[in-house]
Amino acid sequence: MKKIDELRAGVAMVILDKDNRVLLQKRADVSRWGIPSGHVEIGETVTEAAVREVKEETNLDVKITKLIGVYSEPSSQVFSYPNGKVVHFITTCFLAEVIGGKLRCHSSESLEVSFFEHTKLPTDLLNMHPYWLNDALSESEKAFIR
């Protein structure tokens, strides 16, 4: 395993529209598509962080509807940034619905934001995000721990 510089609490939000398409953002830091996600800041709960990250990145207001899972497996949760920093995330992933706002790139963290059919995702998707999406689309009532 590569040297890990930091352990961080992360959050991710799977957001589906009325046509069951998934919202993805093209991240500015790595120029790849992914589910809106980010870090928990000091003093925040994971739910507060998730709602804040979506607002910052997409301009949408969301309501959490379900816990999808908690992900910590190093094979999918160790992320190498372009600056060389390697971070191991423990990510709490939620399912959410849009309750307000207008979709647009709302920060320097996003190059694009768009809804995609889950069977026609971009090929340059971050490697851990298909797992989150598959779990979100499953029929499981229980949250996943991976």
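Annotations for the structure displayed:
- For segment 29-56, the tally of residues that are within 17 Å of Leu103 (Cα to Cα) and not acidic (Asp, Glu) stands at 10.
- Note on segment 31-98: enclosed strands (runs of 3 or more DSSP E) holding 2 or more residues that are among the aliphatic types (A, V, I, L, M) and either out of contact with any Phe, Trp or Tyr (no Cβ under 8 Å at 6 or more places or on another chain) or more than 25 Å from Glu139 (Cβ to Cβ) (or both) are 60-71.
- Residues of segment 82-111 satisfying the condition of being of a type in the set (S, T, N, Q), buried (at least 18 other Cβ atoms within 10 Å of the Cβ) and either under 21 Å from Ser72 (Cβ atoms) or more than 13 Å from the chain's Cα centre (by Cα) (or both): Thr91, Thr92
- Filtered residues of segment 1-46 (kept if under 13 Å from the mean Cα position of the chain (by Cα), surrounded by fewer than 20 Cβ atoms within 10 Å (Cβ to Cβ) and among the hydrophobic types (A, V, I, L, M, F, W, C)): Ala9, Leu16, Val46
- The lone exception for Arg104 - which of (1) in a loop (DSSP other than H, G, I, E, B); (2) more than 25 Å from Asp124 (Cβ to Cβ) it fails: (2)
Taken together, the values in this text are just the output of simple stated rules run on the coordinates, not laboratory data. For clarity, every value in this text was computed on a predicted model and none was experimentally measured. Ideal geometry is used to build each Cβ from the backbone, glycine not excepted, and the neighbour counts take in all protein chains shown.
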